[in-house]
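Below is one structure; the comments refer to it alone.
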Amino acid sequence: MSAVQTPSPAQDDTRRRGPLAEVLFSLLRSRTFLVGIAIVLFWVVCALFGEHFVPYDPLADDIINALAPPSREHWFGTDQIGRDVFSRVIVGSRDILTVAPLATLLATVAGTALGLLTGYFRGLVDDVVSRILEAFMAIPVVIVALLAIVALGTSKTTVIVVIGLSFAPIIARTVRSAVLAERELDYVAAAQLRHENALHTMFVEILPNVIPPILVETTVRLGYAIFAVATLSFMGFGIQPPSPDWGLSISSNYGMIGGGFWWTVLFDALAIASLVIGVNLAADGVHGAFND
Amino acid sequence: MTLFLLSVMVFLGGQVLPGNVGRAILGPFADQRAVDALNHTLGVDRPLLTQYWSWISNFVQGDMGTSYIFRSPVAPFVIDALGNSMKLAAVAFVLVVPIGILGGVIAALNLNRPLDRIISLGGLSVTVLPEFVTGIILILIFGVWLRWLPISAAWPKDAGFLTQLYYLILPALPLFLVLFGYIARMARSGMIEALDSDYTRTAVLKGLPWRTVIWRHVLRNALLPTITVIATQTGYLIGGLVVIETLFRYQGIGSLIFTAARGKDFPMLESGILTIGIVYAVATLVADFLYSVLNPRIRLGSDQ
């Protein structure tokens, strides 16, 4: 990255490292953050290595044992074609933990760029872009997703792009308001007097100073992204069968819960719940650490 | 502005449909001439701008076009569905607004005590969960295990008001849970700010009873931001309705859009989404109006 080679004076660097260590320290003391990150890490480990320690192949059917209630052989029972629910829940974290972070990353990159542009230039650029972003924010993600999926067809990429682009305006708004405060400071005036070009001033001078709000917003958005990905795969968009994804499993099994086959959906629902709550607890911790 | 952008987006979203409309309806083996004829009847072979103009000007006049799938006017479907969704949303709102505000107020009055912790943390946890997850868990508890409530929202024909209400409680609960957290949090922070203010201190110091201070001075100021939040949540609520109506097989505007999207029923999809946009715009307007009624400081116009 070119950011490393900037002529930033040495004292600037130490000034930045000090608070960073402090933030890390207060993160590690925050009980909320530790509990949250522990839950998230658990699911990350399941996503990465789950395959190797689950008792059954999550995709292998076994019609004779279909819809078996939880037992010693099948801890969480089996689904309608006899697949082991426990194995599917463990491995089911994989898709959501790929799609949601990628969508958040896209939202952060696009949102940061937009926020820097609108905050730095203000005036006409800001007015036009902000109005368009506001209009976008008024439309629920599910609706945007429905339209995009009708138009582009359903795939993981569509879901990443849809969620990424719908969250970008929200991040842009946060970045913009941080930039508006920063651009009045002397170091920005100094850069402008040096005749640095606008891109340099925005991305090299201002960007490092607005990282904290961006980080906080990103962790919060990750929680919402998981919410959205889970919802979309429940609606049948994005992640496709035979993936053992949680939302997808619920959508293919919930039609039978009237018959009392609760184990086919309950564990997936609890898994989504725990992941979402974990991410939000961690986000809460990050927020607290930067704002103390 | 938002509505215009939304309409253009909806329109373009429909236009870049993979394959053409006639082909999609008649299937891959239909005769090309039949496909062309159908496209001509539906008017989808005209230039984009002409199509957009005729669509939007008809919509404004209440003509929403003809459904590709049902071959009958879209408007009655949309109006029916909107009515059903409004019933569901109304049940959720009637439950959540008073309870959410009450929760927030109680939490603020017990700041940092266990009761506050329970309300704040509980509210936060249920708010972040997707509606279909809480929905599934609630269906399991109340519908499957306890058998207190029906697991589908489709009530029998000619059901009276109370029966309909009985069928709507379970679908409304997930929406309630998501909204509860937001509303309680806003009410709580508004209360904390108002309790901390100079005018509250003045009221206490001049010897007013605590009850009067809370009712007259604190609540009124504390609840203003909450009203704005409630209004902005209509946007969310619509997204939530799509999910809930699918989960409970309820014939509302959300499931109408969902089915239209799956069946590529372009006029139905467009009209549904545009209707939602209008509802949202109206809700925002009403919120602005309420806000100015409740807050004399920003009341517009020439009062004396």
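Taken together, the values in this text are just the output of simple stated rules run on the coordinates, not laboratory data. These numbers come from a predicted model, not from an experiment. We place every Cβ from the backbone using ideal geometry, glycine too, and count neighbours over all the protein chains shown.
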### Local electrostatic count, A:Asp61, Cβ distance below 12 Å [Lys/Arg +1, Asp/Glu -1]
-2
### Query
So who's got an amide H within less than 5 Å of the one on A:Ser155, skipping anything under 5 residues away but keeping other chains? H placed 1.01 Å off N, in plane.
A:Gly238
## Note on the structure
The local net charge around A:His74, scoring Lys/Arg +1 and Asp/Glu -1 for residues other than A:His74 whose Cβ lies under 11 Å from its Cβ, equals -1
### Query
What's the percent breakdown of Cα-Cα distances in region A:163-239 across 5 Å bins, shortest bin first?
3, 14, 20, 17, 13, 10, 8, 7, 4, 3, 1
### Task
Using the charge dipole of the protein assembly as shown (Lys, Arg: +1 at Cβ; Asp, Glu: -1 at Cβ; taken about the Cα centre), state which of B:Ile257, B:Val242, B:Trp215 has its Cα farthest towards the positive end.
B:Trp215
## Note on the structure
From fewest to most C-beta neighbours within 10 Å, the residues A:His52, A:His287, A:His200 line up as A:His52, A:His200, A:His287
### Message
At a 10 angstrom cut-off on C-beta neighbours, averaged per residue, how do the peptides B:133-143, A:127-137, A:226-236 rank from highest to lowest?
### Response
A:226-236, B:133-143, A:127-137
### Task
Determine the dipole magnitude for chain A: charges of +1 sit on the beta-carbon of Lys and Arg, -1 on that of Asp and Glu, nothing else is charged, the reference point is the Cα centre, and the result goes in debye to the nearest 20.
300 debye
### Summary
Expected integer from the mean partner chain Cβ neighbour count at 10 Å over B:264-275 is 1
### Summary
For region A:46-92, shape from the Cα gyration tensor axes a ≥ b ≥ c, cut at a/c of 1.5 then a/b versus b/c, turns out prolate
### Query
To one decimal place, what Kirkwood hydrodynamic radius in Å is obtained for the protein assembly as shown from all pairs of distinct Cα atoms?
26.6 Å
### Task
Principal axes first, then extents: for the Cα atoms of region A:72-290, list largest minus smallest coordinate on each axis, whole Å, largest first.
72, 39, 22
#### Entry: Rounded if a/c under 1.5, otherwise prolate or oblate - region B:126-183, Cα gyration tensor axes
oblate
### Query
Among the lysines, which have Cα under 20 Å from the Cα of B:Lys87 when same-chain residues fewer than 8 positions away are ignored?
B:Lys157
### Task
Would you please put A:153-166, A:84-97 in order of how densely packed they are, using the mean number of other Cβ atoms within 10 angstrom per residue and starting with the highest?
A:84-97, A:153-166
### Task
Quick one: check the C-alpha center-to-center distance for region B:232-274 versus region A:32-75, whole angstrom.
33 Å
### Query
Once you charge only the Cβ atoms, +1 for Lys and Arg and -1 for Asp and Glu, what is the size of the charge dipole of region A:146-292 about its Cα centre, to the nearest 20 debye?
380 debye
### DSSP H segments from chain A that extend 20 Å or more along their own axis, Cα-based, with Kyte-Doolittle mean of 0.5 or above
A:31-53, A:93-121, A:123-137, A:156-182, A:211-234, A:263-290
### Query
In Å, what is the Rg of the alpha-carbon atoms in region B:98-164, and how long is Dmax?
16.6, 50
#### Entry: Residue-averaged beta-carbon neighbours from other chains (10 angstrom radius) around A:253-264
3
